[in-house]
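J.: My questions will all concern the structure given below.
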Amino acid sequence: MDIFLNELAAFAPAALFNIYFAAASIPVGFVLAVLFALGKGSPNPWISRLSRAYIYAFRGSPLFIQFFMFYSLALSLNISLWKPWGVSGWVLHPLFIGPVVLILNTAAYSAEIFYGALRAVPRGETEAARAYGMSRWQQFRSVTWPNMIRLAWPAYTNEVVFLFHATAIVYFALPVIDNQMDLLVTAKSRFEKDYNTFLHFSVAALYFLAVSLVVFFLFGLVYKRLMRHMPVQPRMRFAPKWIR
Amino acid sequence: MFDFLPQWMRDGLGDDVLFWLGYLTNGKHLTWYASLQFTVFAAVFGSLLAVTFGLLGATLKNSTFPPARLIGTIYASIVRGVPDVLFFIFFPLAFEQSVEWVMASQVCTPETLAAQSAAWPPCKEANWLLSTPEYLVMASVSLGIIYGAFATNVIHGALRAVPKGQLEAARAYGMSASQVLWRIHIRQMWVYALPGLSNVWMLIIKATSLLSLLQIADIVLWADRLGAPNFLKSVGLVHDDWRWRYYLVLFVFYILVTLVSEKGFNVLMRWAGRGILDESRR
């Protein structure tokens, strides 16, 4: 039991790295995703095509490759760009480039979710808004946006949970600097010391499971608030569906 | 390099094209192309196992025996609750250690146990050295277990989507329960499961990029090796850091594979769904 508690304590700082990666990429990723979703649904063929291609490319290729690609790209630009600008210290740092790639990735996955929700916004409501003489911005603000976010929220919660899971591969693609180790790297390095596979990996898994549950709980609260006008409150269940 | 080609052909192609032809067909590049076999093997074998585990899990989940139902449900939810990479790394290590533990109980003597100073394996004789083929099989099995959990849900849903009348008709014909299951239920289930299974296949394709984590020299590892700054004594610096170009190639490659599988699954779904009324496709 003591061993287990010590293990839990040892993994706590590592969990912060995973939480940092997820927390740093979710807000920006959310905004980008909404933009890409609107872009994909845009009547302008070029905007629509570009957003479509972006979403397809990032959903159709492994995150692992995306990490390697962007990191090596950043490395090769080091001498010509980052060094002269004096930013090479942090541009190449995993704590910066990790969230950047995660943002690009989650933007594509979430954009697909938001696009699906955008298409499911009831026609009659937008028509009613138009009949009231609302401007396009007013239509978006008071009809499209609230409907879209409510429809997309359960799937978006799911995406956030899997984004958190995806943070596990950040340090497999990027270098570990100054003992900044996330859960999985910690588990691996502790495993290499005493070869206790079951203990270290289960504790790491436990952290992932616990944080996923917390995410579900928090996003469930938001969903409750979003749905407060409904006579029967819909509930969210912890049932991760893999759509990534 | 291409001295065997006739002069007119070499003139026609020009030095640039000849250089690139030579560069892209040198031994290291050929090894890179050949390493695609690991990815293909893991994808195909892994997805076959995933479907098998999915069928198994769905049968457990559907069973009338409560403990079996519990096992099926736990399998489907626990594996999805942790990251796939974690399981991907954990399973081969755990399996290797379990085998070594069993071996240790057979081959170790008190003397060899005492002689061993490292924490693992218990004694030197019980060490199981793994090489690429073993790792590849274990990688496929872990892919199968992870994505089998997702396939479990897909197949479980598909089994419920089969019209009840079909099963009742089969029962009315006097088929036994297992005959109904294997001849009618599971056969008709595929149409409803295909969209979900195509999704699982895409996930497995993307997960095959992780093979290099298990010391398999797959396309990702070779891209890294080939792209690293290349210096030859006879030629000088062939190229500096080209890794991002190689990864760009892989990026495009995976997108193309996704595109092709999507088209393939569309054809398959149209073929499997012929003669079946589907509300969503009208």
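J.: Quick one: which residues, 5 or more positions from residue B:239 or on another chain, have an amide H under 5 Å from its amide H? H modelled 1.01 Å from N in the peptide plane, none for Pro or chain starts.
T.: B:230
J.: Could you tell me the distance between the Cα centroids of segment A:41-55 and segment B:5-29, to the nearest Å?
T.: 40
J.: Under the Karplus relation 6.51 cos²θ - 1.76 cosθ + 1.60, θ = phi - 60°, what is the ordered set of whole-Hz ³J(HN,Hα) values for segment B:222-231, x standing for Gly and Pro?
T.: Per-residue couplings from phi come out as 5, 4, 5, 5, 5, x, 4, x, 10, 10 Hz.
J.: Could you report chain B's accessible area per residue, 1.4 Å probe, as an integer in Å²? Walk me through the numbers on the way to the answer.
T.: Values: 15280 Å² over 282 residues.
Result: 54 Å² of accessible area for each residue.
J.: Taking square-rooted eigenvalues a ≥ b ≥ c of the alpha carbon gyration tensor, is the protein assembly as shown rounded, prolate or oblate, where a/c under 1.5 means rounded and, failing that, a/b exceeding b/c means prolate? Kindly include the intermediate steps, with their values, before the conclusion.
T.: Numbers: a/c = 1.37, a/b = 1.12, b/c = 1.22.
Here the protein assembly as shown falls in the rounded category.
J.: Computed on protein heavy atoms with a 1.4 Å probe, what is the summed buried accessible area for the chain pair B and A, in Å² to the nearest 100?
T.: 3600
J.: Where a ≥ b ≥ c are the square roots of the eigenvalues of the C-alpha gyration tensor, would you call chain A rounded, which needs a/c under 1.5, or, failing that, prolate if a/b is larger than b/c, or oblate? It would help to have the intermediate numbers written out before the result.
T.: Details: a/c = 2.82, a/b = 1.45, b/c = 1.95.
It is oblate, given that a/c is not under 1.5 and a/b is not larger than b/c.
J.: May I pose another question? Quick one: 3J(HN,Hα) in Hz for segment A:46-54, Karplus 6.51/-1.76/1.60 with θ = phi - 60°, rounded, Gly and Pro as x.
T.: 6, 4, 4, 5, 5, 5, 4, 5, 4
J.: Would you kindly give the portion of the calculated P(r) for segment B:137-282 that falls above 20 Å, as a percent of all Cα pairs? Mind dumping the intermediate values first?
T.: Values: 6859 of 10585 pairs.
Taking all Cα-Cα pairs of segment B:137-282, the fraction more than 20 Å apart is 65 percent.
J.: So if I place +1 on the C-beta of Lys and Arg and -1 on the C-beta of Asp and Glu, and nothing else carries charge, what would the dipole magnitude of segment A:33-129 be about its Cα centre? I want it in debye, nearest 20. The partial results should precede the final answer.
T.: Details: 7 positive and 3 negative charges, 40 e Å.
Dipole of segment A:33-129, to the nearest 20 debye: 200 debye.
J.: Here is a follow-up. What are the ³J(HN,Hα) couplings of segment B:135-150, residue after residue, when phi is run through the Karplus curve with 6.51, -1.76, 1.60 and θ = phi - 60°? Round to Hz, x for glycine and proline.
T.: Each residue of segment B:135-150 in turn: 4, 5, 5, 5, 4, 5, 5, 5, 4, x, 5, 4, 7, x, 5, 6 Hz.
J.: So, one more: May I ask you to derive the relative contact order of chain A, considering only C-alpha pairs under 8 Å and at least 6 residues apart, and to give it as an integer percent?
T.: Worked out over chain A, it gives 28 percent.
J.: Ratio of alpha-carbon Rg to the 2.2 N^0.38 Å globular estimate for chain B, to two decimals, please. Before the final figure, lay out the partial values.
T.: Details: Rg = 25.5 Å, N = 282, 2.2 N^0.38 = 18.8 Å.
Dividing the Cα Rg of chain B by 2.2 N^0.38 Å gives 1.36.
J.: Using the Cα centre of chain B as the reference point, and only Cβ charges (+1 on K/R, -1 on D/E), how large is the resulting charge dipole? Debye, rounded to the nearest 20. Before the final figure, lay out the partial values.
T.: Details: 21 positive and 18 negative charges, 294 e Å.
With Lys and Arg at +1 and Asp and Glu at -1, about 1420 debye.
J.: Based on Cβ point charges of +1 for Lys and Arg and -1 for Asp and Glu, what charge dipole magnitude is obtained for the protein assembly as shown about its Cα centre, in debye rounded to the nearest 20?
T.: Dipole size: approximately 2580 debye.
J.: Could you work out the relative contact order of chain B? I mean the mean sequence separation of Cα pairs under 8 Å and 6+ apart, divided by the number of residues, in percent.
T.: Value for chain B: 22 percent.
J.: Which of A:163, A:75, A:92 ends up with the largest GNM mean-square fluctuation for chain A, with Cα atoms connected below 10 Å?
T.: Taking springs between Cα atoms under 10 Å, the residue moving most is A:75.
J.: For segment B:1-132, evaluate the Debye formula with one uniform point scatterer on each Cα (no solvent term) and list log10 I(q)/I(0) at q = 0.11, 0.20 Å⁻¹, rounded to two decimals.
T.: Normalising to I(0) and taking log10 leaves -0.75, -1.14.
J.: Can I ask one more? When a/c reaches 1.5 or more, the comparison of a/b and b/c decides; with that in mind, is segment A:1-127 rounded, prolate or oblate per its Cα gyration tensor?
T.: oblate
J.: Same structure again: Of all the accessible heavy-atom surface of chain B, with the other protein chains kept in place and a 1.4 Å probe, what percent is carbon and sulfur? Can you show the working numbers first?
T.: On the way: 10250 of 15280 Å².
Carbon plus sulfur share of accessible area: 67 percent.
J.: Still on this structure, I have one more. Given springs between every Cα pair under 10 Å in a Gaussian network model of chain A, which of A:23, A:120, A:37 has the largest fluctuation?
T.: Maximum among the listed residues: A:120.
J.: Anyone know which of A:53, A:131, A:168 comes out most mobile in the 10 Å Cα GNM of chain A?
T.: A:131
J.: Need the per-residue list for segment B:240-270: every residue with at least 50 Å² less accessible surface in the complex of protein chains than in the chain by itself, probe 1.4 Å, sorted by number.
T.: B:244, B:247, B:251, B:255
The values are calculated or read from the model by the stated rules, or taken from the named source; none is laboratory data. These numbers come from a predicted model, not from an experiment. When we count neighbours, we look across all protein chains shown, and the Cβ atoms used for this are built from the backbone with ideal geometry, even at glycine. Ligands, DNA and RNA are stripped out before the accessible areas are found, and what is left, the full protein with its side chains, is counted by its heavy atoms. Shrake-Rupley method; radii C 1.70, N 1.55, O 1.52, S 1.80 Å.
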